[in-house]
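Before any comments, here is the structure.
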Amino acid sequence: MDSRTRQKQFMYLLERIGEPLYVSPRGQGKSQVVYSIPQDALEDYEANAMAYLRKTIPSGSDVSVITVNKTATPYDLTPVQVIPRTAVFSYFSPVHQKAADALIKILSSQPNLEDYFNACTLCRDAVNPHLWVHAFLSTAIRREDMKGFIIPHLWEITPDLFFEARFLREAHKQSALPVEDRAVVEVPLVFTGFDTNPEHKVAYWREDVGVNSFHWHWHLVNPFTAPRGSIDRQGELFYSAHHEMLGRYNTERISNGLNRVTPIYLQEGSIVEEAYFSKLTVQSGGRNWGVRQENTPIRDIVRIKDPLFPTPTYVTDVRLWSDRIKEAIDAGFALSLDGKKVSLRNDNAIDIVGGMMEPSSNSVNRPYYGAMHNSGHLLLGYSHDPDFRYKEEIGVIGSTNTACRDTIFWRWHTNVDLILQRQKAFMPPYTATDLLLNGVSVSGLEVHTPSLDINTLLTFWMQSDVDLSRGLDFLKTDINNLGPIWARLTHLQHRDFEYHIIVRNSNAKNVTGTVRIFAAPKFDEQGDPLPFDEQRTLFFQMDKFTTTLKHGENLVQRKSIESALTIPWSQTFRQLERSVSSPTGVEAFCGCGWPQNLLVPKGKHGGLSLDFFVMITDWEVDRVNDPRAVGLTESQKAGCVDAAILCGTMGRKVPDAKAMGFPFDRLPAPVANTNVAPVSVAEFIKPYPNMIAKEVKVYHRDVTVLREDGAPTGSRVIRI
Ligand code: CUO
């Protein structure tokens, strides 16, 4: 099967996931397809509906038929169907996990692409739609024979996880009109409150479609249920990805005049002061996500009558597991299942502690260290109805695709992060040997933004049109009237920029360097300079790449859009439809990455001061040989090439031998000939010519620019 056919036949399974495949064509324009489902896989009424609807397709239409067959080996969906189609799917819940893993097993065990396709297709309409998306994509990104399959943006697949139902309802109304008469439904920047709630000032960021789909995607690529040892440095990735998200969130908060996040500790008597009302409704079940009032106590979850959550979760357990992990960190060892000491005084220890906390299958002792982080998501997610007396669903923190929206997610992860930093604090500071690169010095760093002063960045608002017709379930689509239904959302954006780094290589030969670029706020919420010990934990990565440095002076130029942290906006169904007609030859693309539009934190009046930091290390030392990549092509070796910094590289080794977050992941050594730690980044870098730091100011212009390639110019706009 060529990559074009494969992309189409799989991609359209993701359209209108709550609407059975037999109902109508998928795709638009010249790319329409119908799935021909075997009669004996359908109920009589479904087969009749399929036959009836096919007759409504005008003869001569450009619709291709994709034939579905039964799989060679039968499978049993009973364990998957424990989760009804109408339920809110939460992978943090053990019952949901078990059901999803049962489907993952069925799909991943299909021996060839044809059977895999048949199984994905035939299971699709028999199980919970969000569970199916999870299982389908979990397996698709892992199969070698699916390399090159590009996942459209999650907000097009499941718009109900991103937009309030009233906007979707309006979009439904538009679907009844001829395509050319449909209005654009404008979704305001934020729809969950007012700034009278100070936390609302950063709702535009927490509720950003890219932040939430990044977080979902990260967990899809790095699931805690992956077989033990199958994901390289999984516990460290868990630490690093969430740590960097917190660094960015705190920077965004400082820019908006808010304090940095305070942790929440879950123990008897804990109260969550802040409320959260997501306004989201799960389309397939018509159920609202749970909401939380102010000052909600955290209580044991004992939802005995809830068929989807029969196992109680106790607050005291979460406290106990947290204390045990801290004790292990302080003692310098964890206890394995067979009572042996597992040292936590080595470079690998963050990986072990991350695995214990999340916990992943790599936990050294699951019964003893429990499930601290995951259970925290559940305690917080069910705090509004811990005993099921109101038959309420879980709150948004209970699912990876919605969790970031809620303020409490960030407070919980701050607690998790502080424990991981406690572990890092036991690691010896890096030495000059670790930090220096002989003969290489960085003498200049400039950030160039077109028509702005050097070392100045600009943020503004952008409106982007999203085609909701791919994700809205119509239940009976007008076959002759398929076409976009546009929603117009507003999000943060920045002007593209470029780094100019001047590097002198005084070695006689070429040096391949790893260029590491970070940023962090320069001032705290009071406007005082951030001491280095605080700023260090806020540094977040902007980019990382290799470059060849010839003898003498080098000007290293790098565009912001090339960042190895981010993925572009462009993975829409429509763009993928266009690009599949000219396959790009991309062999590995996991779609995981920080949203490019949020690469830069929002600027502010007078400029948000950031310290940009660049360090060059020796790629010969950083490079990683991956035995799993032997015999693969160059692009296959790279694994997920799109945005490896936070996501890892799916089935390959992390391509950087340095600790994640290096060199800011450890406490710094004292300044030479003193007992005192550096007080500023300037003092930290002083002994190291291969590092540089410069102040960069981010300004914000309160204008909104409309992205091209959306609804036709002049379309009616509905504001509700
Ligand atoms: Cu990503 Cu808690 O790990 O949501």
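Quick look at the values:
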read-out: Listing of helices (runs of 4 or more DSSP H) fully contained in the stretch 345-389 that carry 1 or more residues being away from the ligand (no atom under 16 Å from the Cβ); value: 349-357, 366-369
read-out: Condition check for Y265: within 16 Å of the ligand (Cβ to nearest atom), outside any loop (DSSP other than H, G, I, E, B) and modelled with pLDDT of 95 or more; value: no
read-out: Residue within the stretch 329-339 that is without any contact (Cβ under 8 Å) to a residue 24 or more places away in the chain, more than 16 Å from the ligand (Cβ to nearest atom), open to solvent by 30 Å² or more (accessible area, probe 1.4 Å) and more than 30 Å from Y430 (Cα to Cα) present; value: yes
read-out: Residue satisfying all of: in the stretch 33-45; touching a helix residue (DSSP H, G or I) at 6+ places or on another chain (Cβ under 9 Å) and outside any helix (DSSP H, G or I); nearest to E577 (Cα to Cα) among these; value: V33
read-out: Residue that is farthest from the ligand (Cβ to nearest atom), among those in the stretch 241-256 that are of a type outside the set (A, V, I, L, M) and in contact with a helix residue (DSSP H, G or I) (Cβ under 7 Å, 6 or more places away or on another chain); value: N256
read-out: Residue among N295, N288, N222 that is touching a Leu at 6+ places or on another chain (Cβ under 9 Å), of a type outside the set (V, I, T) and open to solvent by 50 Å² or more (accessible area, probe 1.4 Å); value: N288
read-out: Breaking point among (1) within 27 Å of the chain's Cα centre (by Cα); (2) open to solvent by 20 Å² or more (accessible area, probe 1.4 Å); (3) at pLDDT below 95, for K105; value: (3)
read-out: Flag for H134 being within 26 Å of P601 (Cα to Cα), within 16 Å of the ligand (Cβ to nearest atom) and part of a helix (DSSP H, G or I); value: no
read-out: From the options T192, T196, T139, residue that is in a loop (DSSP other than H, G, I, E, B) and without any contact (Cβ under 8 Å) to a residue 40 or more places away in the chain; value: T196
read-out: Cross-chain or 6+ apart pairs with Cβ under 9 Å, the stretch 55-72 first and within 10 Å of S36 (Cβ to Cβ), then open to solvent by 80 Å² or more (accessible area, probe 1.4 Å) and modelled with pLDDT of 85 or more; value: N69/E114
read-out: Count of residues meeting criterion [under 28 Å from G398 (Cβ atoms) and crowded, with 21+ Cβ neighbours inside 10 Å] in the stretch 168-177; value: 2
read-out: Where I231 falls short, out of the listed (1) among the β-branched types (V, I, T); (2) away from the ligand (no atom under 16 Å from the Cβ); (3) within 22 Å of the chain's Cα centre (by Cα); (4) open to solvent by 20 Å² or more (accessible area, probe 1.4 Å); value: (2)
read-out: Qualifying positions in the stretch 412-438 - more than 16 Å from the ligand (Cβ to nearest atom) and among the aromatic types (F, W, Y); value: F426, Y430
read-out: Condition check for Y52: outside any loop (DSSP other than H, G, I, E, B), farther than 30 Å from Q97 by Cβ and of a type outside the set (V, I, T); value: yes
read-out: Which numbered condition N690 fails, given (1) modelled with pLDDT under 95; (2) surrounded by 18 or more Cβ atoms within 10 Å (Cβ to Cβ); (3) in contact with a helix residue (DSSP H, G or I) (Cβ under 9 Å, 6 or more places away or on another chain); value: (1)
read-out: Among the candidates D496, D533, D473, residue that is part of a loop (DSSP other than H, G, I, E, B), charged (D, E, K, R) and farther than 30 Å from K173 by Cα; value: D496
read-out: Verdict on V396 being open to solvent by less than 10 Å² (accessible area, probe 1.4 Å) and within 16 Å of the ligand (Cβ to nearest atom); value: yes
read-out: One residue from S31, S61 being open to solvent by 30 Å² or more (accessible area, probe 1.4 Å) and polar (S, T, N, Q); value: S61
read-out: Residue match in the stretch 75-97 (condition: open to solvent by less than 20 Å² (accessible area, probe 1.4 Å) and not in a loop (DSSP other than H, G, I, E, B)); value: yes
read-out: Helices (runs of 4 or more DSSP H) within the stretch 556-661 that include 1 or more residues at pLDDT below 95 and within 22 Å of K694 (Cβ to Cβ); value: 644-647
read-out: Test: residue in the stretch 312-320 that is open to solvent by 20 Å² or more (accessible area, probe 1.4 Å) and in a loop (DSSP other than H, G, I, E, B); value: yes
read-out: Residue tally, condition open to solvent by 20 Å² or more (accessible area, probe 1.4 Å), assigned to a strand (DSSP E or B) and among the β-branched types (V, I, T), over the stretch 437-455; value: 0
read-out: Residue that is under 30 Å from F92 (Cα atoms) and under 19 Å from the mean Cα position of the chain (by Cα), where the choices are H377, H384; value: H377
read-out: In the stretch 212-262, residue nearest to K602 (Cα to Cα) [restricted to those that are among the basic types (K, R) and in a loop (DSSP other than H, G, I, E, B)]; value: R260
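One line per residue, one yes/no per condition, for (1) open to solvent by 10 Å² or more (accessible area, probe 1.4 Å); (2) within 16 Å of the ligand (Cβ to nearest atom):
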{"residue": "T158", "(1), (2)": "no, no"}
{"residue": "R166", "(1), (2)": "yes, no"}
{"residue": "V179", "(1), (2)": "yes, no"}
{"residue": "V184", "(1), (2)": "no, no"}
{"residue": "L189", "(1), (2)": "yes, no"}
{"residue": "V202", "(1), (2)": "no, no"}
{"residue": "R206", "(1), (2)": "no, yes"}
{"residue": "V211", "(1), (2)": "no, yes"}
{"residue": "F214", "(1), (2)": "no, yes"}
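The values are calculated or read from the model by the stated rules, or taken from the named source; none is laboratory data. Note that the structure is a prediction, hence the values are computed from the model and not measured. Cβ sites come from the backbone with ideal geometry, for glycine too, and all protein chains shown count toward neighbours. Just so you know, the surface numbers come from the protein's heavy atoms only, side chains and all, with ligands and any DNA or RNA stripped out. Shrake-Rupley method; radii C 1.70, N 1.55, O 1.52, S 1.80 Å.
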